[in-house]
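See below for the structure under consideration.
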Amino acid sequence: MPHLIEPARHALLPDAELAEGHPARLVLGEVPVVAVRDQGRIHVLAGRCSHLSGPLSDGEVRDGCVTCPWHGSTFRLADGSVARGPATAPQPSCQVRVADGMIQACLPGAG
């Protein structure tokens with residue numbers, strides 16, 4: 001994923017449009033991502049599950065994690081690490097900030 005994204009902050013959507021606890025399917029450069037507001041904090045992870053590419057934006061958010069709807073792999077929103085398999089690889093996680101009312105994301109190591 002890092003080689004597909006320019007090393008910059010990318011505007012994703014207005015902050016007011018991201019509802020608490022509801023994953024949003026977005027695109028960072030040309031890469032699908034999922035954005036989630038959980039307990040007021042915004043997280044952005046790669047949008048396709050590292051197991052078999054299930055859409056995390058269709059998953060359930062609970063206890064600081066998002067669960068893939070296809071096979072149940074669960075990833076921590078804070079850093080993309082695997083909380084429960086079958087996935088063994090973490091989800092790439094972006095740095096996030098809100099500037100001028102827009103949610104912006106940057107993937108460390110992109111470019």
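The values are calculated or read from the model by the stated rules, or taken from the named source; none is laboratory data. None of the values given here were measured: they were computed from a predicted structure. A quick note on method: Cβ atoms are made from the backbone with ideal geometry, for glycine too, and the neighbour counts reach across all protein chains shown.
Filtered by the rule that a residue be of a type outside the set (G, A, S), in contact with a Ser or Thr (Cβ under 8 Å, 6 or more places away or on another chain) and outside any strand (DSSP E or B), segment 65-87 gives C68, D79, P86. Those residues that are touching a residue at least 24 places away in the same chain (Cβ under 8 Å) and over 22 Å from C106 (Cα atoms), I need them from segment 62-87; list them, please. Selection gives S73, G85, P86, A87. The set of residues from segment 90-111 being surrounded by 15 or more Cβ atoms within 10 Å (Cβ to Cβ) and either touching a Ser or Thr at 6+ places or on another chain (Cβ under 7 Å) or charged (D, E, K, R) (or both) comprises P90, Q91. Quick check, is R37 in contact with an Asp or Glu (Cβ under 6 Å, 6 or more places away or on another chain), closer than 25 Å to P14 by Cα and in a strand (DSSP E or B)? The answer is yes for R37. Considering each residue of segment 50-72 in turn, at least one proves to be buried (at least 18 other Cβ atoms within 10 Å of the Cβ), touching a His at 6+ places or on another chain (Cβ under 8 Å) and over 14 Å from Q91 (Cα atoms).
All conditions but one from (1) part of a loop (DSSP other than H, G, I, E, B); (2) aliphatic (A, V, I, L, M); (3) at pLDDT 95 or above apply to A110; the one that does not is (3).
Cβ-Cβ below 6 Å, separation at least six or inter-chain, first residue in segment 88-102 and among the polar types (S, T, N, Q), second crowded, with 16+ Cβ neighbours inside 10 Å: which pairs? Listed by first residue and then by second, the contacts come to Q91/L45; Q91/A46; Q91/S50; Q91/F75; Q91/G80; S93/L45; S93/G80; Q95/C106.
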